[in-house]
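Everything on this sheet refers to the single structure shown next.
The values are calculated or read from the model by the stated rules, or taken from the named source; none is laboratory data. The shown structure was predicted, so the numbers you read here are calculated from the model rather than taken from an experiment. Note: ideal-geometry Cβ built from the backbone for every residue, glycine included; neighbour counts use all protein chains shown.
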Amino acid sequence: MKLAAGICPVPELLAAGIRVGLGSDGCASNNNQDLFGEMGSAARLQKAAYWDPARMGVAALLKMATIDGARAIGLGHEIGSLETGKAADVIVIDTNQAHMTPLYSAASHLVYAARAADVRHVVVDGMPVVKDGTLLSMPVASVMAEARRWGREIAAM
């Protein structure tokens, strides 16, 4: 949407049996890495494009963001769903937030209300990588400082 590059005909692709994965993009075309926001945007865009509030239900969007996203990158046999033999990738969302209350449908709230900042815990392949909202695998402050330094250097070119 930011680049005005058109609207993907997702319902037609799904009806034709084409697997569609949903992901986040970087600063070149979105400036955001919030997959929850992408689910909500994808749902709203399809509804608006087709003038149909029933287009792109939450089940289809959650599937696109999980197992079909994994399948789209050739990793559906390893990730994308909680199954024996797959990497144990799990997130825990804090639903005790004003924008998540009242919670009538967890699936609907994941698509339309949740935000990346609501993620409290992340486990990747069975290993905790975020605990209580804090990234455990790297010193975030120093990484961000280095990114800012590189940003200034690039902007000065």
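Within segment 120-128, can one find any residue that is outside any loop (DSSP other than H, G, I, E, B), surrounded by 17 or more Cβ atoms within 10 Å (Cβ to Cβ) and touching a helix residue (DSSP H, G or I) at 6+ places or on another chain (Cβ under 6 Å)? Checked segment 120-128: no residue is outside any loop (DSSP other than H, G, I, E, B), surrounded by 17 or more Cβ atoms within 10 Å (Cβ to Cβ) and touching a helix residue (DSSP H, G or I) at 6+ places or on another chain (Cβ under 6 Å).
What helices (runs of 4 or more DSSP H) completely inside segment 1-106 contain at least 1 residues that are touching a helix residue (DSSP H, G or I) at 6+ places or on another chain (Cβ under 8 Å)?
10-15, 35-50, 58-65
Of the residues making up segment 83-94, those that are over 17 Å from Ala65 (Cα atoms) and either of a type in the set (A, V, I, L, M, F, W, C) or at pLDDT 95 or above (or both) number 1. Taking Arg148 as the residue in question, decide whether it is loosely packed, with under 11 Cβ neighbours inside 10 Å, of a type outside the set (Asp, Glu) and either part of a loop (DSSP other than H, G, I, E, B) or free of Cβ contacts under 8 Å to residues at least 40 places away in the same chain (or both). Answer is yes for this residue. Restricting attention to segment 10-30, the residues that are in contact (Cβ under 8 Å) with a residue 24 or more places away in the chain, out of contact with any Leu (no Cβ under 7 Å at 6 or more places or on another chain) and more than 19 Å from Thr66 (Cα to Cα) total 1. Screening Asp94, Asp52 for residues that are of a type in the set (D, E, K, R), surrounded by 12 or more Cβ atoms within 10 Å (Cβ to Cβ) and at negative phi leaves exactly one candidate, Asp94.
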